[in-house]
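What follows draws every value from the coordinates through simple rules; no lab data is involved. This is a predicted model, so every value here is computed, not measured. Positions of Cβ are backbone-derived with ideal geometry, glycine not excepted, and every protein chain shown enters the neighbour counts.
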Amino acid sequence: MAAPRIGVFICHCGTNIGGIVDVPEVVDYAKKLPYVVHAEANLYTCSEEGISAIKEAIKEYDLNRVVVASCTPRTHQPLFRNACADAGLNPYLFEFVNIREHCSWIHMHDRREATEKAKELVKMGVAKARWLEAQEEFESGVYPAAMVIGGGVAGMSAALNLANQGFEVHLVEKEPELGGRLLKLNRIFTINKAPDELVDSMVKAVQGHSKIKLHMPAVVKAASGYIGNFDVSIDEDGQETSVKVGVIIVATGAQVLEPELYSYGKLDNVLTQLGLEQRLKDGKLGEFQNVVMINCVGARIPERPYCSRLCCMTAIKNAALMKEINPKAQVYVLHRDLMTYGVEFEEYYRKAREAGVRFIRYTLSNPPQVMGAKRVEAVKVYDELMDMEVELSCNLLVLATPLIPNADNEELSKMLKVPIGDGGFFLEAHVKLRPVEFAMDGIYVAGSCRWPADIKESIAQGYAAASEAAIPLRQGAVRVEAITATVDPKTCKGCGTCVLVCPFDAIELKESKIKGLEGKIVSEVNAALCKGCGLCAAACPNRAIQQRGFTDMQLLSMVNALSGKR
C-alpha cells in the first residue's frame, strides 16, 4: 500500500463555522499533522468552487486520502465522496469531520474553545484517514414490482403513480372497500364538495388498472428480505399467499380518537366531528338550534401532546355548514388555538366568522364544563378574551378529536423493521431530507400513518413516495453503501452472538465453503441487509467481526491521536 498522502479541507461555511472557529489557525495546524501534504480553507466547500478545489488538489498533490472538516455528513457526505470518485479516488478513502455541530454551534460563546476542539477533531480525522481502505459497493438486483399497504387516498395515489409508470403493483387493503377515512366524510374543506367524486374516480382507476393487483380485505402477515428483494406473505380473506416485490410503501392511515370526555358515548346529543360528518352524509342529523363545538378534545395534553393539525379546519368547515343549513342557529367553536395555516385556510376561517360562527378561546387549565343529566343542555366556558365565564345553551355538542396511530402500527413496524416515533406514528428517515423514506432502504411512507395529514398532503406524499420508490425499480439494481460488517471465518467460532444482536437480521450462521474451513459453522453477513450499525462488531467475543470504515485500527487511531499517542 502506498504511503498516505492526505489532503485536508476546512470549510468556513460563511459565518456558521468561520464566525466562531479560527479557520486559518486550524488550517495551519492541519498542515503540520503526519501524512498531510496539503491543507486549505474554503468559504463553502460544498459549493462548485469548493468541489473543484478538492478535485484539483487530488490531482495536483497526488492525494490518496481526503479529509473535509465542515458541517454534518448526513447532508454532504455523498457530495464529497462523489467529488473524490470524479477525481479518480475511491470514495471510501474520504473522511468527514463535523466542526459545525460539534464546535461552532455548541461553543459559539467561546471562540478559543471552539478552535481548539476543531483542531483536535481534525487531528482525529487525519489519524483515522491514514488507515482507510478502498471499498467496493455491493450491487443487488431489484425485482420490478411494488407493494402498497393501505388503500386510502395516499395509498391509491402511490399505486396509480407506479402503475402508470409500467410497474406491477400489489395493493393491500384490510377493509372490504377502497377509500379509507374519506368514505366517512360529508364535505371536503376548503371546496365544500362531497368527496364521492374524488374517491370514485380514484377507486375506478385503481380497479381498472391492468398493472394493479388488489388484495382486500387482506393484511400483511410476514415480510422478509431487503431493498429489491422483499418476500411478503399476505392473508387475503383467510387464504395466505406469498408475493415478491422490490419496494414497499406504507400508507395505512390513522384512526380518529373516541374520547372518554364530555359524556361522549353516554349522552345521545354528544358527537365527534366524524360522527357529525356521518350523520350529515346520511341525512340523519335532525333539527338543531344551539351547537357548541369543542376543539382539542384528547389532544395537546400530557398523554397526547401533539397537535393533530386537521381538527381546527374540520370544526370550522362543519360550523360554517351548520350555519348554512340553519342560518338562525347559534354555533360556537371553543378552542385553545386555531391552526389555520396558509392563506387559503385563513380565508376559510374569516368567511366562517362572517357567516356568524362565534369563536371562544379557553385554556387547558380551565376547560369547558358540560351541564345536563340525560342530554347536554348547556356548556360553561371561561372566555379568555372577555375575561369572564359564559354559559352557552346547547342541544348538540360536537367534539373535535385528533387522529391517533392505528393499533397495528407496532406489529407492522416490527415486521418491516421500520421505526415508530414518540406519538406512535411511523418515523421517517429525516423530516426534511428524506420525508417519505424509512431508514430501512426500499421501504417508504405516506399519508396519516406518518403524521396527521389532510387530503392534499396525503395525495402529495403518495406521489412523493412513489417517485422515490420508482428510482430503484427503474434502475433495476441498487448499490449498497460499503460501510457494512465483515467476518473473518478463521477467527469466528460460530457462537451466534452477532446473530442475536443484529436488529436487521443481516447475519446468519452457515457452513463455510472456504478451502480449508469446509463444514465449519461461521457467521455470514448479508451486505444488502446490513446497515453498518456496529452492534455485531461490539458484541463479538472473538473480534472476528469488523465494520468497514470503522475498524478497530481506525477507531483506536483516533483515540490515540486525542490522547497524544502515535
inquiry  = Please report the net charge: other residues with Cβ closer than 10 Å to the Cβ of Glu437, K and R +1, D and E -1.
reply    = -2
ask   = Among Cys296, Pro405, Leu562, whose Cα sits farthest toward the positive end of the charge dipole of the chain (+1 at Cβ of Lys/Arg, -1 at Cβ of Asp/Glu, about the Cα centre)?
value = Leu562
request  = For a footprinting-style exposure proxy, rank Ile10, Ile106 by other Cβ within 10 Å, fewest first.
outcome  = Ile106, Ile10
message = Could you tell me the relative contact order of the range 485-548? Use alpha-carbon pairs under 8 Å, at least six residues apart, and round to a whole percent.
response = 46
key: Cα-centred dipole magnitude for the chain, charges only on beta-carbon of K, R (+1) and D, E (-1), debye, nearest 20   = 660
Cα-based reach from Lys55 at 20 Å (exclusive), listing lysines while leaving out same-chain residues under 8 positions away = Lys31
Ellipticity estimate at 222 nm from DSSP helix runs (n ≥ 4, -39,500 (n - 2.57)) divided over the chain, nearest 500 = -9000 deg cm²/dmol
query = What does the charge dipole of the range 257-403 about its Cα centre add up to, to the nearest 20 debye, if the Cβ of each Lys and Arg holds +1 and the Cβ of each Asp and Glu holds -1?
reply = 240
task = Could you work out the local net charge near Val36, counting Lys and Arg as +1, Asp and Glu as -1, over the other residues with Cβ closer than 14 Å to its Cβ?
result = +4
request  = For the range 485-548, just list the percent of Cα-Cα distances falling in each 10 Å bin from zero outward, please.
outcome  = 25, 58, 17, 0
query = Any idea how many Lys pairs in the range 441-566 come in under 13 angstrom at the alpha carbon, given 8 or more places apart or on separate chains?
reply = 6
Computed lengthening from Ala439 to Glu56, 0.36 nm per intervening residue step minus Cα-Cα distance = 134.4 nm
task = Have a look at Gly125, Ile58, Ser104 and report the one farthest towards the positive end of the charge dipole of the range 56-174, computed about the Cα centre with Cβ charges (Lys/Arg +1, Asp/Glu -1).
result = Ser104
remark   = Residue-ordered couplings for the range 291-305, obtained by feeding phi - 60° into the Karplus form 6.51 cos²θ - 1.76 cosθ + 1.60 and rounding to whole Hz (Gly and Pro as x), are 10, 10, 10, 10, 8, 6, 7, x, 10, 6, 10, x, 6, 8, x
message = Within 9 Å, Cβ to Cβ, of Arg361, how many net charges do the neighbouring residues add up to if Lys/Arg are +1 and Asp/Glu are -1?
response = -2
task = Please report the orientation-averaged projected area of the chain, defined via the convex hull of its C-alpha atoms, in nm².
result = 33.0
note = For the table Lys281/Lys414; Lys281/Lys351; Lys119/Lys432, the rows whose alpha-carbon distance is greater than 28 Å are Lys281/Lys414; Lys119/Lys432
note = Taking Cα pairs closer than 8 Å and at least 6 residues apart, the relative contact order of the chain in percent is 14
ask   = In the range 402-474, which trypsin sites (Lys or Arg not before Pro) fall in coil by DSSP and have 11 or fewer other Cβ atoms within 10 Å?
value = Lys432
note = Ordered by fewest other Cβ atoms within 10 Å, a rough proxy for footprinting exposure, Thr314, Thr241 read Thr241, Thr314
inquiry  = Are there any trypsin sites (Lys or Arg not before Pro) in the range 479-548 that are in a DSSP loop and have at most 12 other Cβ atoms within 10 Å? List them by number.
reply    = Lys490, Lys513, Lys515, Arg543
request  = In whole angstrom, note down how far apart the Cα centers of the range 118-186 and the range 201-271 are.
outcome  = 17
task = Quick one: Debye curve from the alpha-carbon atoms of the range 6-135 only, equal weights, vacuum; give me log10 I(q)/I(0) at q = 0.12, 0.17, 0.20, 0.23 Å⁻¹ to two decimals.
result = -0.38, -0.77, -1.08, -1.42
query = Tell me, Tyr226, Tyr382 in order of fewest to most beta-carbon neighbours within 10 Å?
reply = Tyr382, Tyr226
remark   = Excluding residues fewer than 8 positions from Lys213 in its own chain, the lysines with Cα under 24 Å of it are Lys174, Lys204, Lys221, Lys244
task = May I ask you to compute the full-extension gain from Lys515 to Ser393, defined as 0.36 nm times their residue separation minus their alpha-carbon distance, rounded to one decimal in nm?
result = 35.2 nm
